[in-house]
Every structure is written in structure tokens, then in C-alpha cells.
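Before any comments, here is the structure.
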Amino acid sequence: MSIMDTFNGALTLNQRVFAEMRDSADGVRRGFLLILLVGLLVGAIQSASNLISIVNPEQAVNEVLAVYRQTLEQQRATATTPEQREVLRLLEESEEEIGNMLRELFTLSGPLPRPVSLILQALGQTVSTPFTYLSNMLLAVILTHIAARQLGGQGGIRSMVAVGSLSVAPHALDALTFIPVLSLPISLIAWGWGLIILISGTAVVHRLDSGKAMLAVLLYPSLLIVLGIFLSCFLIVVLVALAGAGA
């Protein structure tokens, strides 16, 4: 099976492709190759977009200022006190100064000639993107595998890594996140699509029903989120108590 067949099978939740990746001796290699191709595609397009923005700093500054103005407009709708309105007025008056500061930052020179620096930066982003996808996938797969085994799953970690690699396939859409209006929707679609692939793959690898597979995927991330919320609340309580004691 070619890498494109594997890619298409992952996107369409083809159970035959999942089973073949699970049982194949070179499933991990094929999975890592898929991650490499997706990562290089996304990294190259995002690097090219960043290069265009850097070469044309005025366009980049205008995009940042547009987001800045949009944020102020949103804050104005919730500003109910004279103090809040005064702060917003000061921020609006600072827009020109912020724009000038950004222009200076975009035109700063480094130790290397600017063209060389830009090319090296683009290459670095392109090469690092597959490793970002790989590390995120491995973390998700390890947590899912531990939970799946606790729920009665029978699969091995090698098969889980091979099939879990397919969850990166939808992130090819990340190549379009350089479009400001589409950035958030595309990221959410890619993330949700990858989550569904990971749940389906977990069911195939560990021979679990869909409910248990979903629980295996979400169990430890949910626990980590809840733990993070409790720790944040605890830190807030401690800080408030310290502030009260200091007063």
C-alpha cells in the first residue's frame, strides 16, 4: 500500500487500512513517513507565508494592527466604567506608536545577511514541524495506550504507534492556517478529525468498542486538565491569602 493510500485511508476512517497498519511489520516506519510528509508540507507552506510577511513588513504590521483594533472593539462592548473607557482611549491613541515599534522590529538586522537569515529561519521552521507533530502524537499515543490496557485492551505499543500516526493526516489542513480568517476553524477541524482517527485506531488496535476507545483517548488528558484547574485554583487561593496577610 502506497503512502497516499494510507493517507486517504486514514482520512476516510478505513478500517482495513487501520488493521493493516496494526499488523504490518513496517507499520511504524510508514506512520513516521506519513508524519514526515505532512510536517514538511505544512512547514514549507507556513515558512513561505512567513517569508512573504517578513519581506513585506508593512503588510505584516497592518495585519497585527488590524487584530489590535478588532480586540479593542471587542473590549469596548464590555467597557462599562469610565476607567475602562479611559484605558481603551489610551490604547487607541497608542496604535501609531505600536505600529512604529513593530516596523523597527521587523527591520532589525542580525549577525548574518538578511537573505541568509531568512532562508535559514524558513528551513528551520520547515524541518522542525514534523518533529512537533511526532512528539505530540507520541504523547497522545502513550497516554491512550496506558488507558486502553487498563480498560482491557490487548494491543501492543508498536501497533498503537503505527496506527496512532494516522491521526496526524488531517493536520495537512494546517498548511492553510496562514489565512487569518480560516486559521481557527481549520485548526479545530484538523484537531477534531485527528481525534476521531485516534479513537477509531485505538478500537482497532486494542479490539475495544467505540465507547471504551473514546474513554481511553480522553481519560488521561481530561484528568490532566482537571488537575491543572485545581492547581490553578489552589495557586489563586494562596496568592489571595498572601496578599491579604501582607495587607
Problem set entry | Estimated vicinal HN-Hα couplings, Hz - segment 207-215 in sequence order (Karplus 6.51, -1.76, 1.60; Gly, Pro = x) | 6, 10, 6, 4, x, 5, 5, 5, 4
Exercise. Label-point separation (nm) for L182 and S210, each offset 7 Å from Cα along Cα-to-Cβ?
Worked result: 2.9
Problem set entry | N8 versus Q121: modelled label distance in nm, points set 7 Å from Cα along the beta carbon direction | 3.9
Exercise. When the accessible area of the chain is split by element with a 1.4 Å probe, what percent falls to carbon and sulfur?
Worked result: 70
For this session: Step through the residues of segment 15-26 one at a time and calculate ³J(HN,Hα) from phi using the Karplus curve (6.51 cos²θ - 1.76 cosθ + 1.60, θ = phi - 60°), rounding each to whole Hz and writing x for Gly and Pro.
Result: 5, 5, 5, 4, 5, 5, 5, 5, 8, 6, 5, 10
Problem set entry | Relative contact order (%) - segment 70-200, alpha-carbon pairs under 8 angstrom, separation at least six | 15
For this session: Rank I197, I236, I179 by mean-square fluctuation in a GNM of the chain with C-alpha springs under 10 angstrom and give only the top-ranked residue.
Result: I236
Exercise. Along segment 82-96, what does the Karplus equation 6.51 cos²θ - 1.76 cosθ + 1.60 (θ = phi - 60°) give for ³J(HN,Hα), rounded to whole Hz, x for Gly and Pro?
Worked result: x, 5, 5, 5, 5, 4, 4, 4, 5, 5, 5, 5, 8, 4, 5
Exercise. Once volume of the Cα convex hull per residue in Å³ is worked out from the coordinates, which option in (i) 199; (ii) 260; (iii) 131 does it equal?
Worked result: (i)
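The values are calculated or read from the model by the stated rules, or taken from the named source; none is laboratory data. Just so it is clear, the model here is predicted, and its values are computed rather than measured. With ideal geometry, Cβ positions are generated from the backbone for all residues, glycine too; neighbour counts draw on all protein chains shown. Please note that ligands, DNA and RNA were not included when accessible areas were found on the heavy atoms of the full protein model with its side chains. Shrake-Rupley method; radii C 1.70, N 1.55, O 1.52, S 1.80 Å.
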